[in-house]
Amino acid sequence: MDFDVTSTLWAGQDPAPFFHGLQIRHRVQKGGTCVSTGLSLLTREAPATIRRRINTQDPVSWSHYLQAHGMRLAYCPTDFRRLQHYVDDLLALDDLFTLSTYSPEMAQRIGAEPDDSGWICSSHFVILHRDVVYDTVYAEPVLLRDYDDLQRYVKRIFRVVPATHDRGL
């Protein structure tokens, strides 16, 4: 295979949306609970219940949790770019995604050595449904193109797929 400097978020298979008609009821997180609160938007379970069932640093555990609700996560190939560079691909796919970004906007801070406790930097988790970002630190959802955090570097992007999908984690 030849070297290719670009990749799409979802190459080849299943271009049609899986969760086009999903109804999401927004909620605001309490404390540092972006992952469990974000997942609660998809399953409607309490964030505290979800937090006991997942590891916030392990997306495989998020995917296993979602399987009981007919969903799972599928990896989307990303590199160390700012979220703004993925907007067109995300909007073209017009589906349901989880987006994780690093909180610092300086690449040097993200790549720093950990402190004595192992801490490097924080990150954030949001849900994207079609063209709307459900960021649980904000009171209301916002259109992707108007999202304040488009300058943040991407940590990971997953597409939410049906639990039976072969590409899921």
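The values are calculated or read from the model by the stated rules, or taken from the named source; none is laboratory data. Just so it is clear, the structure is predicted and the values come from calculations on it, not from any experiment. Neighbour counts are summed over all protein chains in view; Cβ atoms, including those assigned to glycine, are modelled from backbone coordinates with ideal geometry. Calculation scope for accessible area: heavy atoms of the full protein, side chains included, ligands and nucleic acids excluded. Shrake-Rupley method; radii C 1.70, N 1.55, O 1.52, S 1.80 Å.
Testing Thr56 on (1) in a loop (DSSP other than H, G, I, E, B); (2) within 16 Å of Val160 (Cβ to Cβ); (3) among the hydroxyl-bearing types (Ser, Thr, Tyr), one condition comes back false. Which one is that?
Unmet condition: (2).
Conditions tested, residue by residue: (1) open to solvent by less than 30 Å² (accessible area, probe 1.4 Å); (2) polar (S, T, N, Q).
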residue: Ala16; (1), (2): no, no
residue: Thr49; (1), (2): no, yes
residue: Gln67; (1), (2): no, yes
residue: Ala92; (1), (2): no, no
residue: Pro104; (1), (2): yes, no
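So which residues in region 70-91 are more than 17 Å from Leu150 (Cα to Cα) and either free of Cβ contacts under 8 Å to residues at least 24 places away in the same chain or touching an Asp or Glu at 6+ places or on another chain (Cβ under 8 Å) (or both)?
Matches in region 70-91: none.
Go through region 59-79 residue by residue and tally those that are within 15 Å of the chain's Cα centre (by Cα) and part of a loop (DSSP other than H, G, I, E, B).
3
Here is a list of conditions, (1) at pLDDT 95 or above; (2) within 18 Å of Pro162 (Cα to Cα), and Ile50 meets all of them except one; can you say which number that is?
Only one criterion is unmet by Ile50, namely (2).
Right, His85: open to solvent by 50 Å² or more (accessible area, probe 1.4 Å) and either assigned to a strand (DSSP E or B) or more than 20 Å from Arg152 (Cβ to Cβ) (or both) or not?
When the stated conditions are applied, His85 does not pass them.
Looking only at residues in region 38-58 that are small (Gly, Ala, Ser) and over 16 Å from the mean Cα position of the chain (by Cα), which one is farthest from Arg27 (Cα to Cα)?
It comes out as Ala48.
Within region 116-169, track down each residue that is closer than 16 Å to Cys34 by Cα, surrounded by fewer than 16 Cβ atoms within 10 Å (Cβ to Cβ) and polar (S, T, N, Q).
Within region 116-169, just Ser122 meets the criteria.
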